[in-house]
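Reading through the structure tokens given below for one structure.
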Amino acid sequence: MDLELTLERVAHGGHCVARHEGRVVFVRHGIPGERVIARVDAGEDTKRFWNASVVKVLEASPDRVKHIWNMADALAAEEHGAHPVGGAEFGHISLARQRSLKAEVFREQLTRLAQTDPDSVGFHGVESVPVAGWDESESAREDDGLAWRSRASFSVTKDGRLAMHPFHSNELVPIAEMPLAAEAINNLKLWETDFRGFERIEVAAPSTGQAPLLVLIPRADNRTFRPPHGEAIENASGVVVVEQTRGSAGDGRGSLRTLAGKPYVMEQAGRRALRVTGEGFWQIHRGAPRVLTEAMLDYARPEAGETAADLYAGAGLFTAALADAVGSRGAVLSIEGAPGTSADAAYNFEADSQVYVTRGRVERTLAYETRGDSLDAIVLDPPRVGAGKQSVQAMAQTNAQRIAYVSCDPASFARDVGYFKNHGYELRNARVFDLYPHTHHMEIVGLLAKNEG
């Protein structure tokens with residue numbers, strides 16, 4: 001069903017809000033103020049609200065530009081009777097307008113869910129981030145929002161071709177480029193390799209200049225797969241197969257089997273190089289580690305001799321900065337739940353006597369390890385779902401004076417800010433970074449501090 005709609009405000013999730021005969025319609029691939037023809041998704045008839053996608057623009061916004069990636073362009077896909085791939089849903093909007101829309105979303109979420117005025121915490125809009133990493137010589141790159149992804153994940157068609165999914169679809173669309181990916185990833189030309197027998201391909205291009213690492217996930221029915229051959233495999237620093245076996249605790253996707261090279265990459269964290277294995281978490285924007293570390297340090301303000309905790313710590317990006325700041329007289333507790341990633345952190349800080357790395361759920365492990373002792377500062381970078389009520393309570397019980405909260409989701413961030421308020425903390429400052437250009441995503445760094453008195 002096609003509808004003629006006038007698009008209203010932007011909504012969290014990258015949609016625009018429209019209305020049809022009293023029903024709310026969330027519309028993808030539009031810009032507020034546009035008049036469009038939108039196609040309602042199949043199976044929406046009985047729902048309270050509908051989801052739809054723009055298939056024709058009747059009155060375009062002055063902020064509409066040529067899409068940065070033809071395969072993700074909804075209008076181009078409609079002309080060819082296809083569906084656009086996901087991953088660049090804001091690619092038809094000028095970068096300046098993208099950032100103003102993200103600012104609107106952040107303001108709305110913080111106001112509604114945390115009852116906090118964005119102006120009162122020094123929020124002045126979404127900030128652009130250079131693609132450059134720790135090497136400042138890279139910063140001359142034009143701000144076009146491209147080539148920032150240091151990690152990428154692709155599906156594979158049954159005949160072995162690299163592919164991606166359209167929005168909320170199981171369909172596979174073969175691809176031959178990804179403009180958002182770092183040049184090192186695109187230069188592998190993975191689309192020229194036959195990945196028959198594999199279900200998904202993940203690639204990591206480290207900031208240290210090391211060749212990218214390939215992680216291959218076989219299809220469940222692939223018992224006797226043969227390693228793929230080709231230029232992409234030969235030019236990778238390592239090829240890792242993640243086998244389909246799972247541990248009894250269900251705490252991992254499976255074991256790693258290395259075909260060639262090393263099953264990890266080295267990532268830069270200030271003056272340190274940190275090991276990140278296989279599918280281990282690392283910030284995907286090439287400039288993110290430096291920008292987020294600087295913002296975190298500005299808010300957490302760790303000093304020599306203090307005690308701090310890095311929660312949801314990953315391989316230790318923020319742990320490294322905290323350890324350097326508190327020095328040998330201080331202490332840093334690093335907590336991570338994923339086994340492989342926690343093992344990376346243990347390896348990375350084996351020589352740092354002031355760092356204690358442990359694995360576990362934050363809400364339990366933090367309480368156990370601190371045992372009622374106070375902390376000077378906490379840094380947390382939880383997954384998209386946020387920290388949650390129990391973890392916030394565990395943090396509050398440490399009586400930390402300064403909490404730097406790094407978040408990739410404005411809704412879960414705002415919800416958690418509300419939980420912190422119930423424990424006597426208030427949001428003092430917040431910055432929002434455009435770490436995901438041409439998508440609706442953003443990254444937030446906020447300072448939570450104890451209310452005086």
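The range 196-308 holds strands (runs of 3 or more DSSP E) entirely within its bounds, and those carrying 3 or more residues that are at pLDDT 90 or above map to 198-204, 213-218, 264-269, 272-277. For the range 40-49, the candidate set comprises residues that are of a type outside the set (Gly, Ala, Ser) and open to solvent by 20 Å² or more (accessible area, probe 1.4 Å); within that set, the residue that is nearest to Phe90 (Cα to Cα) is Asp41. Exactly one residue out of Arg329, Arg359, Arg371, Arg431 is within 24 Å of Pro206 (Cβ to Cβ), in the same structural domain as Val126 (by the TED database) and basic (Lys, Arg), and it is Arg359. Looking only at residues of the range 52-79 that are over 13 Å from Glu34 (Cβ atoms), over 24 Å from the mean Cα position of the chain (by Cα) and charged (D, E, K, R), we find that the one that is least open to solvent (accessible area, probe 1.4 Å) is Glu78. Is it fair to say Asp344 is open to solvent by 20 Å² or more (accessible area, probe 1.4 Å), touching a Gly at 6+ places or on another chain (Cβ under 8 Å), charged (D, E, K, R) and in a helix (DSSP H, G or I)? Here the answer is no, as Asp344 does not meet what is asked. Summed over the range 141-176, the residues that are out of contact with any helix residue (DSSP H, G or I) (no Cβ under 9 Å at 6 or more places or on another chain), outside the structural domain of Ala211 (by the TED database) and buried (at least 19 other Cβ atoms within 10 Å of the Cβ) give a count of 1. The residue that is farthest from Arg28 (Cα to Cα), counting only those in the range 46-79 that are among the polar types (S, T, N, Q) and not in a loop (DSSP other than H, G, I, E, B), is Asn70.
For the range 309-335, a residue qualifies if it is under 19 Å from Val276 (Cβ atoms) and either assigned to a loop (DSSP other than H, G, I, E, B) or open to solvent by 30 Å² or more (accessible area, probe 1.4 Å) (or both), and the qualifying residues are Tyr312, Ala313, Gly314, Ala315, Gly316, Asp324.
Picking from residues in the range 177-195 that are outside any loop (DSSP other than H, G, I, E, B) and among the hydrophobic types (A, V, I, L, M, F, W, C), the one that is most open to solvent (accessible area, probe 1.4 Å) is Trp191.
Conditions tested, residue by residue: (1) crowded, with 20+ Cβ neighbours inside 10 Å; (2) under 19 Å from Gly122 (Cα atoms); (3) touching a residue at least 40 places away in the same chain (Cβ under 8 Å).
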residue: Gln393; (1), (2), (3): no, no, no
residue: Gln401; (1), (2), (3): no, no, yes
residue: Ala404; (1), (2), (3): yes, yes, yes
residue: Asp409; (1), (2), (3): yes, yes, no
residue: Tyr419; (1), (2), (3): yes, no, no
residue: His423; (1), (2), (3): no, no, no
residue: Leu427; (1), (2), (3): yes, yes, yes
residue: Ala430; (1), (2), (3): yes, yes, yes
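Per the listing Ala367, Ala346, Ala377, Ala449, the residue uniquely over 30 Å from Arg97 (Cα atoms) and free of Cβ contacts under 8 Å to residues at least 24 places away in the same chain is Ala346.
Condition check ((1) part of a helix (DSSP H, G or I); (2) open to solvent by 60 Å² or more (accessible area, probe 1.4 Å); (3) of a type in the set (Gly, Ala, Ser)) across all residues:
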position	(1), (2), (3)
Gly81	no, yes, yes
Glu89	no, no, no
Ala96	yes, yes, yes
Val105	yes, no, no
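If only residues of the range 8-39 that are crowded, with 17+ Cβ neighbours inside 10 Å and small (Gly, Ala, Ser) are counted, the one that is nearest to the chain's Cα centre (by Cα) is Gly14.
The values are calculated or read from the model by the stated rules, or taken from the named source; none is laboratory data. Worth saying up front: this structure is predicted, and the values here are computed from it rather than measured. Every residue, glycine as well, gets a Cβ built from its backbone with ideal geometry; the counts of neighbours run over all protein chains shown. With ligands, DNA and RNA removed, areas are computed over all heavy atoms of the protein, side chains included. Shrake-Rupley method; radii C 1.70, N 1.55, O 1.52, S 1.80 Å.
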